[in-house]
1. For segment 97-137 and segment 228-279, what is the separation of their Cα centres, given in Å?
2. Tally Lys/Arg at +1 and Asp/Glu at -1 over every other residue whose Cβ is under 9 Å from the Cβ of residue 136; what's the total?
3. Normalise the Debye intensity by I(0) for the chain, one equal point scatterer per Cα, no solvent, then take log10 at q = 0.08, 0.09, 0.14 Å⁻¹ and round to two decimals.
4. Grab the other residues whose beta carbon is less than 12 angstrom from that of residue 179, score K and R as +1, D and E as -1, and report the net.
5. Among the listed pairs 55/294; 49/153; 167/191; 55/290; 49/115; 71/237, which have their C-alpha atoms separated by more than 23 angstrom in this model?
6. Below 12 Å, Cα to Cα, which aspartates and glutamates can residue 146 reach? Residues fewer than 8 away in the same chain don't count.
7. Pop a pseudo-label 7 angstrom from the Cα along the beta-carbon direction at both residue 268 and residue 220 and give the gap in nm to one decimal.
8. Based on the alpha carbon coordinates of segment 11-91, what radius of gyration and maximum Cα-Cα distance (Dmax) apply, in Å?
Amino acid sequence: LLSHNFSTTTPNNSIQNITVYGSGLMGAGIVQVAAQNGFKVTMVDIEQKFIDRGKEIINASLKRIAKKQHKDDENAQKSFIESTLSNIKTNTDSLKGAENSDLIIEAIVENLQTKQNLFKKLDESANSNAIFASNTSSLPISEISKVTKRQDKFAGLHFFNPVPQMKLVEIIKINQTSEDTYQSLIEVTKKMQKTPVTCKDTPGFIVNRLLVPYLLEAMRLAERGDASIEDVDTAMKLGAGMPMGPFELSDFVGLDTLKSIVDGWRKDGKIDAGLVASVKKLDNLVKDGKLGRKSGEGFYTY
Ligand code: 3HC
């Protein structure tokens, strides 16, 4: 009779406490949506100044959402913001930040060794049943996970920028990811009011595998002088219904991010060479520190 109380799809370890490593645009966004949807979240970064910047990102976004949700009700705006913020703690101690965590999401710098070092340490200090997830957009999940003894509790959890606005989360299963881990991640994603899709551990997963070659092809088209970047952007917005043209979107995502994705794929050798051929303009902009919106200049000036 007791078994009637348990649904077969409910995972054993329901997630309540989440720790997010990295307080940049992605990390802060993940912290925010988790906190907004009732999870207790700890945001961890190596320096207080990074945490402070992450908090600013969250505050600005919450204000925007509060104004939209409670148009003429300042009290409701305030209480929405306060109740969300009350779910967020911060920590600059990389191990203490994960104490009592059921799910650890990593959104730190896109460097394999750095990510492996973090997970290796966490594997020893975190709860033995905590699930580990990486928000990487360019590194294989299996490579990151192999330094841990819990590959069955390891997966990719890939969010999109701006995290509070984009409804998708890609769940990346490696061969070892257990069904229970996978179900827990589906559940968390839905509680965050996002739509999950599932993908194998292949370069770019779904979105970037299709989006990045498209962005590069737009750059090649303009580099040949076939059309101006403004006209390419107008064309894709008005002719293909994209919210941003490919150059606006490249600047938005960050040109260094795009370059690192493509450079990684080229080295990897698994994707058709023509699709990942380097683009001089992109390489030069990144070399000059023109990384898009975040640095004030990319294909456009901000
Ligand atoms: N926090 C909260 N809300 C936000 C927000 C944020 N940071 N940014 C935008 N919004 C909300 C606004 O409040 C507004 O809400 P409303 O429509 O309900 O009023 C809505 O988003 C639209 O914002 P705006 O009117 O200011 O601007 P736009 O209409 O131009 O929309 C956009 C902005 C949502 C960013 C839209 O241009 C868009 O969807 N662009 C494409 C983004 C995209 O493709 N992202 C994926 C990049 S790839 C990636 O991230 C993967 C990585 O691995 C590289």
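Any read-out appearing in this document is the output of simple, stated calculations on the displayed coordinates, not a laboratory observation. Worth saying up front: this structure is predicted, and the values here are computed from it rather than measured. When we count neighbours, we look across all protein chains shown, and the Cβ atoms used for this are built from the backbone with ideal geometry, even at glycine.
1. Measuring centre to centre over Cα atoms gives 29 Å.
2. -1
3. One equal scatterer on each Cα of the chain leads to -0.38, -0.48, -1.12.
4. Result for the local shell: 0.
5. 49/153; 55/290; 71/237
6. Within the straight-line cut-off, residue 146 pairs with 123.
7. Rounded to a tenth, the inter-label distance reads 1.8 nm.
8. Gyration radius and largest Cα-Cα distance of segment 11-91: 13.1, 43 Å.
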